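Take a look at the structure below.
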Amino acid sequence: MKISVGLYGTNAHQIALAMIQGFNKHYTLFRQTSREAKTRFEQADWLGVHKAVKERIRFYDDRVDECVERLRNQFDAASIDDTTWQQVKLLYIGLLLNHKQPELAETFFNSVTTKILHRNYFHNDFIFVRPSISTENIEGDDTQTYRSYYAKEDGLRGTVLKIVKDFDWHRPFVDLEHDVEHVYHAVRHFLNGMPPREVNFQIQVLGSAFYRNKAAYIIGKAINGATEYPFTIPVLQNEAGQLYLDTILLDAWRIGLLFSLSRAYFMVDMEVPSGYVQFLRSILPAKPRSELYIMLGLGKQGKTMFFRDLIYHLHHSEDKFIMAPGIRGLVMLVFTLPSYPYVFKLIKDVFGSSKEMDRATVKKKFMMVKQVDRVGRMADTLEFSNVMFPLKRFNDEVLAELQQLAPSCFEVDGDQLIIKHLYIERRMEPLNIHLDRMERANNVERLEHVIREYGSAIREMAQANIFPGDMLWKNFGVTRFGRVVFYDYDEIEYMTDIKFRQIPPAPDFETEMSGEVWYAVSRNDVFPEEFATFLLTSPQVRKIFIKYHKDLLSPRFWLEAQEKIRSGYVEDFFPYPQELRFINRQTDLTEEQ
Ligand SMILES: Nc1ncnc2c1ncn2[C@@H]1O[C@H](COP(=O)(O)OP(=O)(O)OP(=O)(O)O)[C@@H](O)[C@H]1O
């Protein structure tokens, strides 16, 4: 325990102020780039979109480091005594009373203090283990998380028109009335006719659109009596710079898929982020708040909430951490808690002999995935340092593997096991296990589906500038929704760094048959003609793969994909099926109404 040196009142106040200033600066910059998403969308600046998402990820750590530095320089942070620290926390709470982002500001406080204090101080007296300020109904007169439309005079079509126009995009629409007609018909079809209107009928729409890649999403819900109908309308832009409504998503689960962690984060201009999260939860009750914060670009808050949920879950469960089912990794040690839908990954001390890389490279690859558009095909990971788990919750096998393969990555402190560096990601069924299961059950339809998905995952990653490196089935997982997603990042490269080559003809028949390689191969050389030999050993699997993805087995696809990326072309990725797009629908818009 450090001893108070007096004058802490003044100091504590100054320190609390420095910390809230640090946070406010962070949120101002975060909001500015999120607000500019609208302009980038209007100007079709797609490369700018990717750059901004990548840069925004760094903002938080930069501001935390800046604040820690200030506390060190101005207040000699290491010598601040315990009483002053406790005082700082109380004064900081005072500064949050009318704050619009108090939960984020608390997390910022934690990020700064945990960089200065020893982990023995990580309890509620010093940091915000529990939130201190409620985020319920923070909105005041000057903030508007959502707009309400009472569709009295305008009718549904008129109201939808007004909703879209209120986003004030400085771009013309190809034919907005026509698109609205599509919306009207899609809703009627979905609901089997329009239900009678109750007195409270209204449509609520989140004030900022959600920007990602080349799309802006309008998100809202209609309320009629006691029933709520969520919806999302993606707005896209054609080559001529004109806008159009691409579809309307009306199934909550489909809207939920937009928020999948295997996609890029949204840019949303939010004054009160907790208001957005509350609204989103009302239409997606099964989505954890942590994941919503992450998808809104507020990763640190997401992580804080994730961890609170995990601790809570540990209190209310009894099962033990076990090794993740499947083929063990050569680089990562992966364990899981059967009752919780995530896996925990740490980088081993020594890698398998075929892996020529070090810990720093592996970390760099994980960061690369955070920064690119994951196009629904690469699992996002939450990165943690010094995570404390109850020791008794680990089974013997996990403890033995930790001891044997990653002794420098953890320590035991009393009844706690502390992991120094950890990635956490959604648990999926490894594709190799899934395939085995389907083959054994002779479920041909499902087999065809996942093999097609596997090829699509490789194709879409390539279009998004990621070459997976190791494409073995075990490195992909199958989600609850049957999507195939990649999760093994240690060998990924940017597509543009790879040299795709054709296998040169063998000098003679004997050499060709010898099984020896007769051509020189450099580090980043890849021969797509070889993929089939390594990946498609089962004839049934090979047949299905070739039916859908034959082009992936020759260099041409890869070279063309590279060319497109180099020319600055940004591919369209639709987080909903093509059949739902208005341009693919054969709706007779003149039918009886
Ligand atoms: N998200 C996940 N969901 C379920 N299981 C997973 C997940 N991530 C990894 N696993 C399991 O852990 C194993 C090793 O994970 P991973 O592929 O990330 O490690 P690695 O060391 O990078 O592998 P490699 O040796 O192929 O480089 C996988 O084969 C799989 O069984």
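Brief remarks on what is shown
- Sorted largest first, extent of the range 85-133 alpha carbons per principal axis (Å): 31, 18, 16
- The solvent-accessible area of SER353, taken with every protein chain present and a 1.4 Å probe, is close to 120 Å².
- Paired Rg and Dmax values of the range 83-172, which use every Cα atom, in angstrom: 21.2, 62
- Electrostatic bookkeeping for LYS499 treats Lys and Arg as +1 and Asp and Glu as -1; over the other residues with beta carbon under 13 Å from its beta carbon, the sum is -1.
- Summing charges over neighbours of ALA105, with a neighbour being any other residue whose Cβ is under 13 Å away from its Cβ, gives +3 when K and R count +1 and D and E count -1.
- Across LYS543, LYS564, the residue with the most accessible area heads the list, and the full order at a 1.4 Å probe is LYS543, LYS564.
- Assuming charge only on the beta carbon of Lys and Arg (+1) and of Asp and Glu (-1), the dipole of the range 28-86 about its Cα centre is about 480 debye to the nearest 20.
- Across the options GLN144, PHE167, ASN432, the greatest Cα extent toward the positive end of the charge dipole of the chain (unit charges at beta carbon of Lys, Arg, Asp, Glu) belongs to GLN144.
- Translational diffusion coefficient (Stokes-Einstein; Kirkwood radius from C-alpha pairs) of the chain at 4 °C, 1.567 mPa s, in µm²/s: 48 µm²/s
- Solvent-accessible surface of the range 8-121, averaged per residue with a 1.4 angstrom probe and all protein chains in place: 45 square angstrom.
- The alpha-carbon of LYS303 sits under 19 angstrom from the alpha-carbons of these lysines, leaving out residues fewer than 8 places away in its chain: LYS54, LYS115, LYS287, LYS345, LYS363, LYS370, LYS420.
- Shown for the chain: the carbon plus sulfur share of the solvent-accessible area, taken with all protein chains present and a 1.4 angstrom probe, equals 51%.
- Taking Cα centre as origin and charging only the Cβ of basic (Lys, Arg, +1) and acidic (Asp, Glu, -1) residues, the dipole magnitude of the chain rounds to 620 debye.
- Charge dipole of the range 423-582 about the Cα centre (unit charges at C-beta), most positive-ward option of PRO504, SER538, VAL517: SER538
- Value at 222 nm in deg cm²/dmol, rounded to 500, when DSSP H runs of n ≥ 4 in the chain each add -39,500 (n - 2.57): -13000 deg cm²/dmol
- For the range 75-213, the relative contact order comes to 25 percent (Cα pairs under 8 Å, sequence separation of at least 6).
- Averaging the sequence gap over all C-alpha pairs within less than 8 Å and six or more residues apart, then dividing by the number of residues, gives the range 225-296 a relative contact order of 28 percent.
- Averaging the sequence gap over all C-alpha pairs within less than 8 Å and six or more residues apart, then dividing by the number of residues, gives the chain a relative contact order of 11 percent.
- From the C-alpha gyration tensor of the range 363-470, square roots of 5λ in Å: 33, 21, 10
- Cα-centred dipole magnitude for the range 405-513, charges only on beta-carbon of K, R (+1) and D, E (-1), debye, nearest 20: 520 debye
- Virtual spin-label span in nm between GLU66 and MET357, 7 Å along Cα→Cβ: 3.2 nm
- Computed with every protein chain present, the accessible area of ASP154 is close to 80 Å² [probe 1.4 Å].
- Most simply put, the chain has about 90% antiparallel DSSP beta bridges, counting only bridges with both residues inside it.
- Among ILE327, LEU250, MET270 - extreme Cα towards positive end, dipole of the chain, charges at beta-carbon: MET270
- Cα centroid separation, the range 357-388 to the range 141-218 (Å): 37 Å
The values are calculated or read from the model by the stated rules, or taken from the named source; none is laboratory data. These numbers were taken from a predicted model, which means no experiment stands behind them. Neighbour counts run over all protein chains shown; Cβ positions are idealised from the backbone, glycine included. Remember, those area values only see protein heavy atoms, side chains included, never the ligands or the DNA or RNA. Shrake-Rupley method; radii C 1.70, N 1.55, O 1.52, S 1.80 Å.
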